[in-house]
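Enquirer: The structure that follows is given in the form of structure tokens.
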Amino acid sequence: MAPQGDRRRFVTGQAGEHPSTRQPSRRSGEHPSISGAGGHPSGGSVALLALEIRYEHDVVLARQRARQVAELLGFDSQDQTRLGTAVSELARNAFEYARGGRVRFEVESATGAARQSLVVRISDSGPGIADLQAVLDGRYVSKTGMGVGLVGARRLADRFHIESAPDRGTTVEIARVLPRGAPPFRPHDAARVAEALAAQQTRSAFEEVREQNQELLRTLDELRARQAEVERLNAELAETNRGVLALYAELDDRAQDLKRASEYKSRFLSDVSHELRTPLTSVLNMTRFLLDRADGDLTPEQEHQVAIIRRSVESLTELVNDLLDLAKIEAGRTTMRPSYFTVSDLFAALRGMFRPLVTSESVSLVFEEPPPLPTLHTDEQRLSQVLRNFISNAIKFTERGEIRVRAAPEGDRQVRLEVRDSGIGIAPADHERIFQEFAQVDGPIQRRVRGTGLGLPLSKKLATLLGGRIELASTPGVGSTFAVVVPARLPEDVTSASGHVATFEVR
């Protein structure tokens with residue numbers, strides 16, 4: 001037993017102050033009584049019905065009234081059953097342990113709550129509950145099952161509140177939130193509910209038990225249907241899971257096959273490139289030997305034929321070098337050699353390389369003097385290779401006008417290097433395609449100066465290894481601008497971020 005004067009309160013469910021500390025008003029001798037519309041002392045509740053628990057059949061009456069009130073407020077049959085069961089359990093506890101009590105139904109509009117609630121308060125003046133916390137925790141159950149009733153009522157309610165003190169009785173308050181879509185309950189609606197309740201006939205205990213059994217059977221049927229549906233869904237889910245697992249297994253196999261194919265391709269390209277470079281280098285040296293007249297003069301026709309051979313071998317050597325570079329990048333064997341240099345020095349080297357290649361008087365190659373830029377610390381050879389591809393393409397596809405190479409600062413310590421031409425241009429639909437390996441854009445000039453289709457894809461991968469990107473702006477018939485944007489300092493973690501692998505050689 002709790003000490004005298006100790007009044008214990010337990011609240012579960014929604015947070016906030018609940019009006020269960022107030023004893024409900026009751027007209028003396030009323031059994032049952034229908035209260036008129038009126039406000040709760042808190043000003044947020046409307047009283048609906050109050051009845052006395054004096055005899056055993058009043059417990060059955062409390063259950064019936066709970067179901068009827070719930071039905072009038074728009075609750076479905078399952079919620080009606082839940083509320084009726086909770087009220088009958090609490091009313092039975094009041095009758096058995098306190099020899100009677102009171103049940104009061106109200107509609108509450110709590111401050112800040114989005115929806116109203118049906119509140120049922122069951123109070124008695126009995127001996128109270130000695131070990132309330134043990135009962136609520138499920139650690140104590142009496143021979144008559146009091147603990148089961150309290151715990152069960154708490155589970156069936158959206159909100160549960162109980163107060164109990166020795167020799168002062170017990171007050172239990174449960175609440176269910178009104179269904180969504182139900183119209184707001186106003187004080188004048190209480191008269192309508194009261195009239196409807198007065199018009200409904202109460203049933204005998206036998207009829208109530210029969211109704212309860214029917215509800216139990218309906219609930220069991222619903223549970224069987226739900227169980228069957230759950231089993232069906234579980235079977236479908238199991239089948240789906242087997243399909244997903246099979247798909248993942250197939251994807252893993254495909255991924256392994258693709259990985260092996262990529263490794264074989266990279267190894268093949270690397271081996272073939274190495275095997276071709278030696279004879280190609282020999283042929284280049286022999287053509288240079290002949291063109292330098294080291295073994296005597298050549299006739300004009302011989303010199304022309306040797307020059308054709310040399311240009312063909314140079315084109316083939318360029319293809320082999322590109323293939324070898326692509327194979328190294330894909331195999332993760334690229335070595336980055338960052339060094340310090342200026343954009344002016346880079347442009348000077350490119351100018352000396354490409355000026356002799358511009359043989360048409362209708363095309364001019366212009367290198368703009370760079371603005372003040374930071375000294376670069378990156379792989380000069382890789383960056384030069386990207387720009388060489390840009391300039392070489394511009395020379396191939398520009399029949400008249402100008403090819404302009406320029407530099408400018410970009411963002412936070414980045415440099416933008418551009419090659420702008422007045423050539424044939426590229427249609428927007430081909431902007432992504434030209435960066436695919438071996439892709440070619442069809443056209444009269446393209447057929448005449450057809451390349452390998454590897455320069456731009458290789459340039460894109462090299463720009464990624466340098467921590468930068470490639471940008472393209474082009475209009476057919478107007479010209480193209482290829483730009484590479486790179487950081488002034490080569491990031492140490494750029495390879496992991498870009499998805500490529502490279503080793504670094506510091507010098």
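Enquirer: Working carefully through the options 365, 373, find the one that is hydrophobic (A, V, I, L, M, F, W, C), within 47 Å of the chain's Cα centre (by Cα) and at pLDDT 90 or above.
Expert: 373
Enquirer: Okay, moving on. For region 78-135, name all the residues that are in a loop (DSSP other than H, G, I, E, B) and either within 18 Å of residue 149 (Cα to Cα) or of a type in the set (Asp, Glu) (or both).
Expert: The answer is 99, 100, 126, 127, 128, 129, 130, 131.
Enquirer: Which of (1) modelled with pLDDT of 85 or more; (2) in contact with a Ser or Thr (Cβ under 7 Å, 6 or more places away or on another chain); (3) over 27 Å from residue 199 (Cβ atoms) is the odd one out, the single condition residue 153 does not satisfy?
Expert: Checking residue 153 against (1) modelled with pLDDT of 85 or more; (2) in contact with a Ser or Thr (Cβ under 7 Å, 6 or more places away or on another chain); (3) over 27 Å from residue 199 (Cβ atoms), the one that fails is (2).
Enquirer: One residue is enough: does region 382-392 have a residue meeting the conditions touching a Ser or Thr at 6+ places or on another chain (Cβ under 6 Å), part of a strand (DSSP E or B), open to solvent by less than 50 Å² (accessible area, probe 1.4 Å) and at pLDDT 90 or above?
Expert: No, region 382-392 has no match at all.
Enquirer: Using beta carbons and a limit of 8 Å, which pairs, at least six apart or on different chains, have the first residue in region 209-231 and closer than 21 Å to residue 58 by Cα and the second one modelled with pLDDT under 70?
Expert: Close Cβ pairs satisfying both conditions: 211/203.
Enquirer: Pick from region 99-149 the residues that are crowded, with 23+ Cβ neighbours inside 10 Å and modelled with pLDDT under 90: which of them is farthest from the chain's Cα centre (by Cα)?
Expert: Within region 99-149, the match that is farthest from the chain's Cα centre (by Cα) is 129.
Enquirer: Then there's this: Which of the numbered conditions does residue 346 fail, given that it passes all the others? Conditions: (1) open to solvent by less than 50 Å² (accessible area, probe 1.4 Å); (2) touching a residue at least 40 places away in the same chain (Cβ under 8 Å); (3) closer than 26 Å to residue 437 by Cα; (4) assigned to a helix (DSSP H, G or I).
Expert: (3)
Enquirer: A follow-up question, please. From the list 293, 254, 311, which one is modelled with pLDDT under 85, assigned to a helix (DSSP H, G or I) and of a type outside the set (S, T, N, Q)?
Expert: Only one candidate passes the filter, namely 311.
Enquirer: Which of the residues spanning region 364-381 are open to solvent by less than 30 Å² (accessible area, probe 1.4 Å), in contact with a helix residue (DSSP H, G or I) (Cβ under 7 Å, 6 or more places away or on another chain) and part of a loop (DSSP other than H, G, I, E, B)?
Expert: Hit for region 364-381 is 370, nothing else.
Enquirer: Output the residues belonging to region 407-440 that are open to solvent by 80 Å² or more (accessible area, probe 1.4 Å), within 23 Å of residue 329 (Cα to Cα) and either modelled with pLDDT of 90 or more or under 33 Å from the mean Cα position of the chain (by Cα) (or both).
Expert: Passing the criteria: 432, 433, 436.
Enquirer: Mind listing just one residue for me: the one in region 67-97 that is farther than 26 Å from residue 126 by Cα and acidic (Asp, Glu) and, of those, most open to solvent (accessible area, probe 1.4 Å)?
Expert: 71
Enquirer: Assess whether residue 317 counts as being surrounded by fewer than 12 Cβ atoms within 10 Å (Cβ to Cβ) and polar (S, T, N, Q).
Expert: In short, no.
Enquirer: Suppose we filter region 158-206 for residues that are surrounded by 12 or more Cβ atoms within 10 Å (Cβ to Cβ), touching a helix residue (DSSP H, G or I) at 6+ places or on another chain (Cβ under 9 Å) and either small (Gly, Ala, Ser) or modelled with pLDDT under 85 (or both); how many remain?
Expert: Going through region 158-206 one residue at a time, the tally reaches 7.
Enquirer: Does region 352-363 include one or more residues that are open to solvent by 30 Å² or more (accessible area, probe 1.4 Å), touching a residue at least 24 places away in the same chain (Cβ under 8 Å) and within 19 Å of residue 485 (Cα to Cα)?
Expert: The answer is no, given that none of the residues of region 352-363 is open to solvent by 30 Å² or more (accessible area, probe 1.4 Å), touching a residue at least 24 places away in the same chain (Cβ under 8 Å) and within 19 Å of residue 485 (Cα to Cα).
The values are calculated or read from the model by the stated rules, or taken from the named source; none is laboratory data. If you're wondering where the values come from, they're calculated on a predicted model, not measured in any experiment. Heads up, the Cβs are rebuilt from the backbone with ideal geometry, glycines too, and the neighbour counts pull from every protein chain shown. These accessible areas exclude ligands, DNA and RNA; they are computed on the full protein's heavy atoms, side chains included. Shrake-Rupley method; radii C 1.70, N 1.55, O 1.52, S 1.80 Å.
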